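The values are calculated or read from the model by the stated rules, or taken from the named source; none is laboratory data. All figures in this text were calculated on a predicted structure; none of them were measured in a lab. Here the Cβ positions follow ideal geometry from the backbone for every residue, glycine too, while neighbour counts run over all protein chains shown. Just so you know, the surface numbers come from the protein's heavy atoms only, side chains and all, with ligands and any DNA or RNA stripped out. Shrake-Rupley method; radii C 1.70, N 1.55, O 1.52, S 1.80 Å.
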2 protein chains.
Amino acid sequence: MSPRTQAARTEATTGQLLAAARELFGRDGFAATSIDAVAAAGGVTKGAAYHHFATKGALFRAVFVGEQDRVTAELLRTTAQEPDPFAALRRGCRTFLELCLEPAFRQIVLLDGPAVLGWQEVRAIQSERALRVLADGMRVAAALAGEPGVDVTARAHLAFGALCEAGMLLARADDPDAALHALLAEAERLVGAMARP
Amino acid sequence: MSPRTQAARTEATTGQLLAAARELFGRDGFAATSIDAVAAAGGVTKGAAYHHFATKGALFRAVFVGEQDRVTAELLRTTAQEPDPFAALRRGCRTFLELCLEPAFRQIVLLDGPAVLGWQEVRAIQSERALRVLADGMRVAAALAGEPGVDVTARAHLAFGALCEAGMLLARADDPDAALHALLAEAERLVGAMARP
DNA sequence: CACTCTTGCATACTCGGAGTATGTATTGTC
DNA sequence: GACAATACATACTCCGAGTATGCAAGAGTG
């Protein structure tokens, strides 16, 4: 190997580990995935994993945050093109549900996340990410609908919970495409209703 | 001990185990609870536990089903007194959120359930219980609102997801009573909106 | 009411996986 | 170039899920 800087080594190793962890956690779930397996899949040993991540939960947390960042970026990207706040909310629903079509995303974000990290931790992570985007969107929409300055955090949470459930429901549908349309309609209805006074 | 019938012995032992399991799973979570601990708390040994429950997951499943039955019974009891379908739906929201005030209920039903049993299994269990009550209520309400025969399963799921999220949100509120009122208002709004065309 | 057969349960294991201790090589600093 | 710090590997410990086996106490049959 060519000599590299420490930062580069760390970057490379954690990158391998995170990629492998996202793969295995996403496919087999947190409980059924061992650190050894992740390390092996990442081309390193358990020692390396424990050098960079204090615990198995910490590794999972990093993967979880990565997924959250992905959703947030997607949400910001797709909704930015919608000038109308309500249209942006609907577009956000669609983006989120489309992400839920990935089994790994569902497993990590919707199933294991809360159980492994605790709800409080998950909430803290999401508050600055997807939930923030949703709440911001609802605030703008509420202002447009003639109810400015209202506190939308609770509404955003409820709507988010509904979206997560829709995502899981979508997963096991016989015809995902048809289900996506039906659930999307319901979700848009719901979010729209929540965003108005 | 006085000589007893086999059925009575089984009944007693599984009862002890389920009570202890509900206590420990509810307090420490599934992962942090060992079968040994449950058995000890129930006054028996691991052997007894594994005689009646094939696996740790099976024991958890039994506890989970017990909680689901509890919710369902409570929902049926409290909503039965409401003559108006919409009032019954609102009452159901209140009942559910009040149950969510119990930490053990949240831990078992909302946090660990999906991760341990898988979403599909959880859905199957709930479909004949709480979700059924909610869907039935929404069907009646939809019929009253002039949209009879509509398929409300998707809506019921979304509303249920929102309620679960509200339950978790309620848990960490500084003032649970005030939060209960605020969230209840939002939840009733949401369920009401979902139940109408 | 003997005699088996089955069921309920305890004790004694195996084994895999999370976390730790320690050694070694590589990089960064003076 | 010596010393420190960091990145990583190897070799453990230990706990807990699941298994094997043994035994005792109902339950069916003559």
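Return the residue satisfying two criteria in turn: it lies in the stretch A:137-151 and is part of a loop (DSSP other than H, G, I, E, B) and without any contact (Cβ under 8 Å) to a residue 40 or more places away in the chain, and of such residues it is nearest to A:Leu184 (Cα to Cα). Before you say what the answer is, go through the steps one by one.
Filtering the stretch A:137-151 for residues part of a loop (DSSP other than H, G, I, E, B) gives A:145-151.
This time we only want the ones that are without any contact (Cβ under 8 Å) to a residue 40 or more places away in the chain, so: A:148-149, A:151.
Values: A:Pro148: 27, A:Gly149: 28, A:Asp151: 25 Å.
Selected residue: A:Asp151.
For B:Ala124, are the conditions met, namely being in a helix (DSSP H, G or I), at pLDDT 95 or above and surrounded by fewer than 15 Cβ atoms within 10 Å (Cβ to Cβ)?
yes
I'm trying to understand the selection: among the residues of the stretch B:102-135, which are within 12 Å of chain A (Cβ to nearest Cβ) and touching a Leu at 6+ places or on another chain (Cβ under 7 Å)?
B:Pro114, B:Ala115, B:Trp119
Show me the helices (runs of 4 or more DSSP H) found entirely inside the stretch B:1-85 where at least 3 residues are away from DNA strand C (no atom under 15 Å from the Cβ). Give the steps one after another, and end with the answer.
On the way: elements: B:6-28, B:35-41, B:46-52, B:56-79.
Fully inside the stretch B:1-85 and qualifying: B:6-28, B:56-79.
Restricting attention to the stretch B:84-101, does a residue exist that is of a type outside the set (Asp, Glu), surrounded by 22 or more Cβ atoms within 10 Å (Cβ to Cβ), closer than 30 Å to B:Ala20 by Cα and more than 14 Å from every other protein chain (Cβ to nearest Cβ)?
Yes, that holds for at least one residue.
I'm trying to understand the selection: among the residues of the stretch B:18-51, which are free of Cβ contacts under 8 Å to residues at least 24 places away in the same chain and touching a helix residue (DSSP H, G or I) at 6+ places or on another chain (Cβ under 7 Å)?
B:Ala20, B:Leu24, B:Thr33, B:Asp36, B:Ala37, B:Val38, B:Ala39, B:Ala41, B:Thr45, B:Lys46, listed by residue number.
Could you run through the stretch A:1-17 and say how many residues are within 21 Å of the chain's Cα centre (by Cα) and either touching a residue at least 60 places away in the same chain (Cβ under 8 Å) or open to solvent by 70 Å² or more (accessible area, probe 1.4 Å) (or both)?
Going residue by residue through the stretch A:1-17, those that are within 21 Å of the chain's Cα centre (by Cα) are A:14-17.
Narrowing the set further to residues that are either touching a residue at least 60 places away in the same chain (Cβ under 8 Å) or open to solvent by 70 Å² or more (accessible area, probe 1.4 Å) (or both) leaves A:16.
So the count comes out to 1.
Anything in the stretch B:1-33 that is within 11 Å of DNA strand D (Cβ to nearest atom), of a type in the set (Ser, Thr, Tyr) and under 23 Å from B:Phe64 (Cα atoms)? List them, or say none.
Within the stretch B:1-33, B:Thr10, B:Thr33 meet the criteria.
Give A:Val71, A:Val140 a once-over and let me know the one that is open to solvent by 60 Å² or more (accessible area, probe 1.4 Å) and aliphatic (A, V, I, L, M).
Details: A:Val71 fails: open to solvent by 60 Å² or more (accessible area, probe 1.4 Å).
Going through A:Val71, A:Val140 in turn, the sole match is A:Val140.
What number of residues within the stretch B:152-186 satisfy the criterion of being open to solvent by 60 Å² or more (accessible area, probe 1.4 Å) and in a helix (DSSP H, G or I)?
Pass one, the stretch B:152-186, residues open to solvent by 60 Å² or more (accessible area, probe 1.4 Å): B:153, B:172, B:174-175, B:177, B:181.
Filter once more, keeping what is in a helix (DSSP H, G or I): B:153, B:177, B:181.
Matching residues across the stretch B:152-186 total 3.
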